[in-house]
Number of protein chains: 2
Amino acid sequence: MSERGLLIVLSGPSGVGKGTVRKAIFSKPNTKFQYSISMTTRKPREGEIDGVDYFFKSREEFEVLIKNNKLLEWAEYVGNYYGTPVDYVEQTLQDGKDVFLEIEVQGALQVRNAFPEGLFIFLAPPSLKELKNRIVTRGTESDDLILNRMRVAKEEIEMMDAYDYVVENDQVDLACERINAIVIAEHLKRERVAARYKNMLEVDF
Amino acid sequence: MSERGLLIVLSGPSGVGKGTVRKAIFSKPNTKFQYSISMTTRKPREGEIDGVDYFFKSREEFEVLIKNNKLLEWAEYVGNYYGTPVDYVEQTLQDGKDVFLEIEVQGALQVRNAFPEGLFIFLAPPSLKELKNRIVTRGTESDDLILNRMRVAKEEIEMMDAYDYVVENDQVDLACERINAIVIAEHLKRERVAARYKNMLEVDF
């Protein structure tokens, strides 16, 4: 029987670059994580593909899934639903593979309740000024939405306490390296591996 | 004021290759750890240099240091004393540098009492058979000593529970990478970095 996989949750304030970091991690050929694609009712941004970046759903479809308890977490955020289908996550963990979730802060807190043993990583901006720059540069938001996002971002940074690790996204490659180091370390925690070694002692030398 | 450094303690059964792994880590040009050289009363092995591999002391000199409380930990092991001078470790941590200790299991347990916040890494052999091979191949021990070391090694593996992480020494380079990942992850733990980020929120955007 293989060891149960880790649930890795990458989250952080809107605009911090979660999607960019996630794509960089999954662009590496040796990545062993299984990516859990989120569902959303927001409109695809240019270049985003259904079933790759997100499952894009209507509000009606999404609400049926909520009602049937088929979402590990879901949230309404700036007028749109976001969520994670639960069955896929549970099956993948049972198969011994690490599942990688990239989700909004509200959703991460729900996952923390359902999977307290998960690995919760908060992606942080180098500064609030830099976060604002990134949101403005993205150019998809109106001034009002930008101010709203910044207010939400401040609240989200205060939720950092619910996370296990904080990774600064100063450079995408560095952020990826830090996340990989965290996952390697987590697999080496004594609680996870001690049993395997204790079995050694049953064998004669 | 710089953040206090981490105390990294690498330990594990005799013969597992602690010294080899430690040397490999410190042979890398980008290693940021400060190595804390141990003291011992055992005779230097071929190639070992006083003040580099160990401080080699007489039993009389060592016992004076024990009496004056100048050792963070010490142990008598297979007829010889081993220990760690305390002042150097404390000063280096205060300067914000990570201190790297490579010590025997008995000593690591003493350090755990004095520095419970330290990072305790257990270096494990791939198997007990492989551990015996390594001790025999080293060729510095008699048959009686080998059997004694194996008995002690089994006891030491049972002490794994006092450690935070377990790293298998199947290949020296892999063991080094795992140890580096653990240290990177430990520096990213939310408890260590949250205060720095909370300060962001005091600044206006």
Residues being assigned to a helix (DSSP H, G or I), more than 7 Å from every other protein chain (Cβ to nearest Cβ) and in contact (Cβ under 8 Å) with a residue 12 or more places away in the chain - total across segment B:156-194: 13
Residue check, B:ASP98 farther than 28 Å from B:LYS43 by Cα, charged (D, E, K, R) and more than 9 Å from chain A (Cβ to nearest Cβ): yes
Scan of segment A:176-205 for residues that are closer than 15 Å to B:GLU186 by Cα and either among the aliphatic types (A, V, I, L, M) or in contact with a Pro (Cβ under 8 Å, 6 or more places away or on another chain) (or both), ordered by number: A:ILE179, A:ALA181, A:ILE182, A:VAL183, A:ILE184, A:ALA185, A:LEU188
Number of the condition not met by A:GLU104 [criteria: (1) at the interface with another protein chain (Cβ under 9 Å from one of its Cβ atoms); (2) closer than 20 Å to A:ALA24 by Cα; (3) among the charged types (D, E, K, R)]: (1)
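Yes or no, residue by residue, for (1) surrounded by 12 or more Cβ atoms within 10 Å (Cβ to Cβ); (2) under 21 Å from B:GLY12 (Cα atoms):
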position: B:TYR54; (1), (2): yes, yes
position: B:GLU61; (1), (2): yes, no
position: B:LYS67; (1), (2): no, no
position: B:LEU72; (1), (2): yes, yes
position: B:GLU76; (1), (2): yes, yes
position: B:GLY79; (1), (2): no, yes
position: B:LEU101; (1), (2): yes, yes
For B:GLU90: the one exception among (1) part of a loop (DSSP other than H, G, I, E, B); (2) surrounded by fewer than 16 Cβ atoms within 10 Å (Cβ to Cβ); (3) within 18 Å of the chain's Cα centre (by Cα): (1)
Pick from segment A:113-133, criterion within 14 Å of chain B (Cβ to nearest Cβ), within 25 Å of A:ASP164 (Cα to Cα) and surrounded by fewer than 18 Cβ atoms within 10 Å (Cβ to Cβ), ranking: nearest to the chain's Cα centre (by Cα): A:PRO126
Any hit, segment A:146-153, residues being touching a Pro at 6+ places or on another chain (Cβ under 7 Å) and buried (at least 19 other Cβ atoms within 10 Å of the Cβ): yes
Segment A:134-155, subset of a type outside the set (D, E, K, R) and out of contact with any helix residue (DSSP H, G or I) (no Cβ under 7 Å at 6 or more places or on another chain), residue nearest to the other protein chains (Cβ to nearest Cβ): A:LEU147
Count of residues meeting criterion [surrounded by fewer than 19 Cβ atoms within 10 Å (Cβ to Cβ), more than 19 Å from A:GLU117 (Cα to Cα) and either in contact with a strand residue (DSSP E or B) (Cβ under 7 Å, 6 or more places away or on another chain) or of a type outside the set (Gly, Ala, Ser) (or both)] in segment A:18-52: 19
Any hit, segment B:46-62, residues being among the β-branched types (Val, Ile, Thr), modelled with pLDDT of 90 or more, outside any loop (DSSP other than H, G, I, E, B) and out of contact with any Pro (no Cβ under 8 Å at 6 or more places or on another chain): no
Residues satisfying the stated conditions in segment A:1-32, i.e. part of a helix (DSSP H, G or I) and not hydrophobic (A, V, I, L, M, F, W, C): A:LYS18, A:GLY19, A:THR20, A:ARG22, A:LYS23, A:SER27
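The values are calculated or read from the model by the stated rules, or taken from the named source; none is laboratory data. As the structure is a computational prediction, the values presented were derived from the model and not from experiment. Here Cβ is always computed from backbone atoms with ideal geometry, including for glycine, and neighbour counts include all displayed protein chains.
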